[in-house]
Every structure is written in C-alpha cells, then in structure tokens.
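The values are calculated or read from the model by the stated rules, or taken from the named source; none is laboratory data. The structure displayed is predicted, hence computed values, not measured ones. Neighbour counts are summed over all protein chains in view; Cβ atoms, including those assigned to glycine, are modelled from backbone coordinates with ideal geometry.
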C-alpha cells in the first residue's frame, strides 16, 4: 500500500460549500506520492486543504485531512524528534535528537509535537516517583497537559495509589485525560512477567479500551 499526499487550493471553497467537500472524489485531485522526506520539494506553497491517502487493496482510505497556509512548508516540517538516553541510537532516525535523560531535555530543542510516544523506564526515579510519572510531568511541563501522548507504563502508575498519594491527585487534577487504555498480557516480554499497559492521553476518536491485537503478539 502506497501513501499519497494530495493538495488543492480549495480553502475558500471549503468554508462555503462544506457539504460539497464531503462528496469530493479525492482521486481527481493533483497528488504527490510520499516516497521520502524530501517530497515537500515537489509541492507548491499553496494555501489549501490537503489529504493524506493510503491505497488499500480495494479502495483508497483517507488517513488525515489538514489545512495549511503553505503546503510546502507544512510538509517540510513534518518530522520526528527523538530523545534517548542511549548514545548508540542512530541520529538519522530523527530530525532532532537529544541524548540524555528526558527530564533534562530543553524545550527549545523540540517543536510542539502532534503526538508524543513515550517508553520510559519503570524504576530508578528520585524519591517515590515512577519514571513514567517523571516523563509525563515533563511532557506536560514542556507542551501542556492537553498534549496527545501514548505512554507505556506499569499498571501501578495508575492503580497503586493511596488516599494521600500526590500522584493520584496530580493525575486527577492536571488537566490531562486518559482517553484510552491498551491491556497487555502479563508476559508480553520474554522471560518477564509484569503488569503493564499502554496509556493514551488526550487523543480523540479512539475507544476507551483495547486488548492488544493478535498480530502484535506474534
């Protein structure tokens, strides 16, 4: 399946004829095949509504609809920023990469993300904190508590709390919302049995709960 970025100068028409846009055949629009990060060089600096489309086996699927005042600049800035404590991670995997503890990352290094994927260590944080709490606090300190975030965490992050727990009150009152939870098997990792889950914050359009699908267990 091949993804496509499709752009057309229809921003003004969108405001006037929204119902017509819903009937639009996107296959008739000018398109560019997304093959590498330099695809933005093929795009015009249009003010437009654009579509990200995937060619399925039987039909095209619209994955994303966006609006921009400069299509070329928007796609040029489409990148992945990374942070890893391990210096052997290839820098080429990221547009921007910070090596070191995430809680020390400078917000000036990263643009505001559309989505944060976090895989923190569980233990070793100072005090009585779990590292997922340290990561999540820093994510929200950097970009606000409404930042869409997907985080791998021990179930104890959410459930192992007492009436006097500071984490309980912070999770409850920070302004972030757990919009979905992915249940993982106890032995998701080889030779280790540990209760863990994936927490999804501030992401709309998802179900409140999922079980890890079979294909991910292979």
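Answer yes or no: is there a residue in the stretch 104-113 that is part of a loop (DSSP other than H, G, I, E, B), at pLDDT below 90 and more than 19 Å from the chain's Cα centre (by Cα). Yes, the conditions are met somewhere in the stretch 104-113. When residue 208 is tested against (1) without any contact (Cβ under 8 Å) to a residue 12 or more places away in the chain; (2) loosely packed, with under 10 Cβ neighbours inside 10 Å, just one condition goes unmet, and that condition is (1).
The condition of being surrounded by 12 or more Cβ atoms within 10 Å (Cβ to Cβ), modelled with pLDDT of 70 or more and in a helix (DSSP H, G or I) does not hold for residue 54. Check the stretch 156-165 and report whether any residue there is more than 19 Å from residue 82 (Cα to Cα), free of Cβ contacts under 8 Å to residues at least 12 places away in the same chain and either in contact with a helix residue (DSSP H, G or I) (Cβ under 6 Å, 6 or more places away or on another chain) or outside the structural domain of residue 187 (by TED's automatic domain parsing) (or both). Scanning the stretch 156-165, I find at least one residue that is more than 19 Å from residue 82 (Cα to Cα), free of Cβ contacts under 8 Å to residues at least 12 places away in the same chain and either in contact with a helix residue (DSSP H, G or I) (Cβ under 6 Å, 6 or more places away or on another chain) or outside the structural domain of residue 187 (by TED's automatic domain parsing) (or both), so the answer is yes. Within the option set 88, 67, being part of a strand (DSSP E or B), over 19 Å from residue 124 (Cβ atoms) and either at pLDDT below 75 or in contact with a strand residue (DSSP E or B) (Cβ under 8 Å, 6 or more places away or on another chain) (or both) holds for one residue only, 67. Within the stretch 41-55, the residues that satisfy the criterion of being closer than 12 Å to residue 72 by Cα and in contact (Cβ under 8 Å) with a residue 40 or more places away in the chain are 48, 50.
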